[in-house]
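The values are calculated or read from the model by the stated rules, or taken from the named source; none is laboratory data. Computed from a prediction, not measured in an experiment: that's the story for all the values here. Quick reminder, even Gly has a Cβ in these numbers, built from the backbone with ideal geometry, and neighbours come from all protein chains shown.
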Amino acid sequence: MIALYSLLISVHVVSLLFCAGPLLVLALGATELPVPMAQRLTRVASLGLVGLLVTGAAALAMTGPAFIHTWWLRLSVLLFLLIGALTGRLRRLTRDPGSARRVRTLAGVTAAVLVIVVYLMEAKPF
Ligand code: HEM
């Protein structure tokens, strides 16, 4: 059971990489990226988010009441929804070739919110 839980959390963190990696590439280099590549990056980031949700929910199911009533988790889930909405907006923006600057800013903001969730999930401050 512990081995399965560790595997689940490992996949959770790998999903985080697949989400954060593309967002950072977009935040740092969107003005130089071709549109199809920017679109592919936002698609991969969305898949990373799906992975985070599925593995996070499975981890919660395995831990029962241990985390479900904590504020770090509630706030993280709210921020997760915000990240999902921002990534959806990013996907739409990348379809427009003239929006590279806005893509860059939005990807940076989304990555910053992701960093806050990483802190909440690691530190569990409240
Ligand atoms: C933006 C999305 C998310 C990010 C960046 C994120 C990040 C992380 C990180 C870095 C950890 C710590 C892994 C470790 O070192 O043990 C973690 C653990 C965890 N996450 Fe997430 N996560 C996200 C979304 C979610 C969601 C949506 C849920 C629940 C539906 C969730 C549930 C959990 C649980 C239960 C743990 C295990 C806590 C523990 O055993 O200490 N996560 N997450």
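The table for this structure:
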{"read-out": "Single residue of segment 29-48 satisfying the filter (crowded, with 17+ Cβ neighbours inside 10 Å and among the aliphatic types (A, V, I, L, M)) that is nearest to residue 114 (Cα to Cα)", "value": "45"}
{"read-out": "Residue check for residue 63: more than 19 Å from residue 126 (Cβ to Cβ), loosely packed, with under 14 Cβ neighbours inside 10 Å and at pLDDT below 95", "value": "no"}
{"read-out": "Flag if residue 100 is touching a helix residue (DSSP H, G or I) at 6+ places or on another chain (Cβ under 8 Å), of a type in the set (A, V, I, L, M, F, W, C) and near the ligand (Cβ under 10 Å from one of its atoms)", "value": "no"}
{"read-out": "Residues located in segment 37-81, provided they are polar (S, T, N, Q) and under 19 Å from residue 27 (Cβ atoms)", "value": "39, 42, 46"}
{"read-out": "Among (1) within 8 Å of the ligand (Cβ to nearest atom); (2) buried (at least 16 other Cβ atoms within 10 Å of the Cβ); (3) more than 10 Å from the chain's Cα centre (by Cα), the one test that residue 26 misses", "value": "(1)"}
{"read-out": "Any hit, segment 89-97, residues being farther than 19 Å from residue 119 by Cβ, under 14 Å from the mean Cα position of the chain (by Cα) and within 11 Å of the ligand (Cβ to nearest atom)", "value": "no"}
{"read-out": "Any hit, segment 49-59, residues being at pLDDT 95 or above, farther than 25 Å from residue 2 by Cβ and in a helix (DSSP H, G or I)", "value": "yes"}
{"read-out": "Pick from segment 83-115, criterion among the aliphatic types (A, V, I, L, M) and exposed (fewer than 14 other Cβ atoms within 10 Å of the Cβ), ranking: farthest from residue 20 (Cα to Cα)", "value": "85"}
